[in-house]
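> One structure, as C-alpha cells, below. Some questions next.
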Amino acid sequence: MKTRGVLYIAYGDLFVKEALYSAESVKAQCPDLDITMFSDRMVDSPYIDDCKIISVSHLRSKIDYMDQSPYDLTIFLDTDTVINHNIEDMFEILETFDLVAAHDLARKRKKYSATIPEYGRIPYAFSEVNTGVLAYRKSEHTNRLFKRWQEYFYKYFHTCPWDQPSFRISSWEGCKEGLQMYIFPVEYNIRSKANREKQRKFHHEFGEEHLKPRIYHMHADSINQGKYDVDSLQQIFDFCKENFMEY
C-alpha cells in the first residue's frame, strides 16, 4: 500500500472528463503526488497513476468506496475541484487527526431536522461539512465512520438522497467515540457565488435561523487609536451589519 495520495471517484463521460482536469491541476501543483481514480471504466491519462473499476448504483457512489482508498493517508477530491496551490500540508494534519474537512454552507437543515431524528438532535453549531474535499487516515475510527455513513445514507435514502446529512450524523457519533476531527480553513474549499445564492433561494428549507450571524467580532470605532465614540449598543449592531465579512 502506498503511504499517501489523492482519490477520485468518477463515472460517466462528463464526470470523468471533469475529474481529469482536476487531476491535471493536482499534478501541476504536486507533481509527485500519486493519484488513483475509481471509475466505471478504465481511464488512461498521464494525470492518473492507477485506476480501479467500480460498480455505480446511484449518484453518491463515493459513499460506497471512499473506505477502499489504496492509501494510508488520503485526500479525497470531488471532480469539480481545481487545485491552485500545493496541498501536501493536508497530509501533515493527519499525523494528529483522523479526519479533516471544511464546513459546508448547509449547517443544519430544518427540512431534515424534522424528518431524520438523529440529524435533528445534533446542535446547530456542529455544521455539516462538505464531503467533496476530505483528508483522512486509515484507522479504526475512520473505518467505523465510513461504515456508519453508509448505514445512515441508505436508511434515509428516500428521505434525503444527499450525502452530507448522513455524514453529519456519522461524524457526530464518531467524535463521541473518539474520532479526531479537524476543520480546514476556508481557503481549502472555496465555493462559488452560485452556491451561496442557493442558500438564499432555498432559505425556507434551511430555516430562518440558518446562517444567521451568532457573534460579531469587530471594533465599532478606532479604539486602538484611542477613539471610541460609540453611544449605544444599537450603533454597534448597525456598524457590524454594515461591515461584516460575507460568508
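The values are calculated or read from the model by the stated rules, or taken from the named source; none is laboratory data. A quick note: this is a predicted structure, and the numbers were derived from the prediction, not measured. Cβ atoms come from the backbone with ideal geometry, glycine included; neighbour counts cover every protein chain shown.
> Give just the number: which of (1) in a loop (DSSP other than H, G, I, E, B); (2) farther than 18 Å from residue 103 by Cβ; (3) among the hydrophobic types (A, V, I, L, M, F, W, C); (4) in contact (Cβ under 8 Å) with a residue 60 or more places away in the chain does residue 230 not satisfy?
Unmet for residue 230, out of (1) in a loop (DSSP other than H, G, I, E, B); (2) farther than 18 Å from residue 103 by Cβ; (3) among the hydrophobic types (A, V, I, L, M, F, W, C); (4) in contact (Cβ under 8 Å) with a residue 60 or more places away in the chain: (4).
> Okay, moving on. Which of the residues that make up region 203-218 are surrounded by 13 or more Cβ atoms within 10 Å (Cβ to Cβ) and either modelled with pLDDT of 95 or more or in contact with a helix residue (DSSP H, G or I) (Cβ under 9 Å, 6 or more places away or on another chain) (or both)?
Taking region 203-218 first, the residues surrounded by 13 or more Cβ atoms within 10 Å (Cβ to Cβ) are 203, 205-207, 210-211, 216.
If the condition is that a residue be surrounded by 13 or more Cβ atoms within 10 Å (Cβ to Cβ) and either modelled with pLDDT of 95 or more or in contact with a helix residue (DSSP H, G or I) (Cβ under 9 Å, 6 or more places away or on another chain) (or both), then 205, 206, 207, 210, 211, 216 are the ones that fit.
> While we're looking at this one, here's another question. If a residue must be touching a helix residue (DSSP H, G or I) at 6+ places or on another chain (Cβ under 8 Å) and part of a strand (DSSP E or B), how many such residues does region 126-157 contain?
Count: 7.
> Among (1) touching a Leu at 6+ places or on another chain (Cβ under 7 Å); (2) under 26 Å from residue 169 (Cα atoms); (3) not aliphatic (A, V, I, L, M), there is one condition residue 3 misses while meeting the rest; what is its number?
Residue 3 satisfies all of (1) touching a Leu at 6+ places or on another chain (Cβ under 7 Å); (2) under 26 Å from residue 169 (Cα atoms); (3) not aliphatic (A, V, I, L, M) except (2).
> For region 58-71, state whether one or more residues are in a strand (DSSP E or B) and touching a residue at least 60 places away in the same chain (Cβ under 8 Å). Outline the logic, then answer.
Filtering region 58-71 down to residues in a strand (DSSP E or B) leaves 71.
Still in the running and touching a residue at least 60 places away in the same chain (Cβ under 8 Å): 71.
Within region 58-71 (the criterion being in a strand (DSSP E or B) and touching a residue at least 60 places away in the same chain (Cβ under 8 Å)), the answer is yes, since at least one residue qualifies.
> If you don't mind, another one. Identify the single condition in (1) under 18 Å from residue 117 (Cα atoms); (2) touching a strand residue (DSSP E or B) at 6+ places or on another chain (Cβ under 6 Å) that residue 184 does not satisfy, given that it satisfies every other one.
(1)
> Taking residue 131 as the residue in question, decide whether it is touching an Asp or Glu at 6+ places or on another chain (Cβ under 7 Å) and either surrounded by fewer than 13 Cβ atoms within 10 Å (Cβ to Cβ) or at pLDDT 95 or above (or both). Walk me through how you get there before you give the answer.
Values: touching an Asp or Glu at 6+ places or on another chain (Cβ under 7 Å): yes; either surrounded by fewer than 13 Cβ atoms within 10 Å (Cβ to Cβ) or at pLDDT 95 or above (or both): yes.
Considered against the rule, which asks whether it is touching an Asp or Glu at 6+ places or on another chain (Cβ under 7 Å) and either surrounded by fewer than 13 Cβ atoms within 10 Å (Cβ to Cβ) or at pLDDT 95 or above (or both), residue 131 comes out as yes.
> If you don't mind, there's one more thing I want to ask. Any idea how many residues of region 106-125 are closer than 22 Å to residue 213 by Cβ and either within 17 Å of the chain's Cα centre (by Cα) or part of a loop (DSSP other than H, G, I, E, B) (or both)?
8
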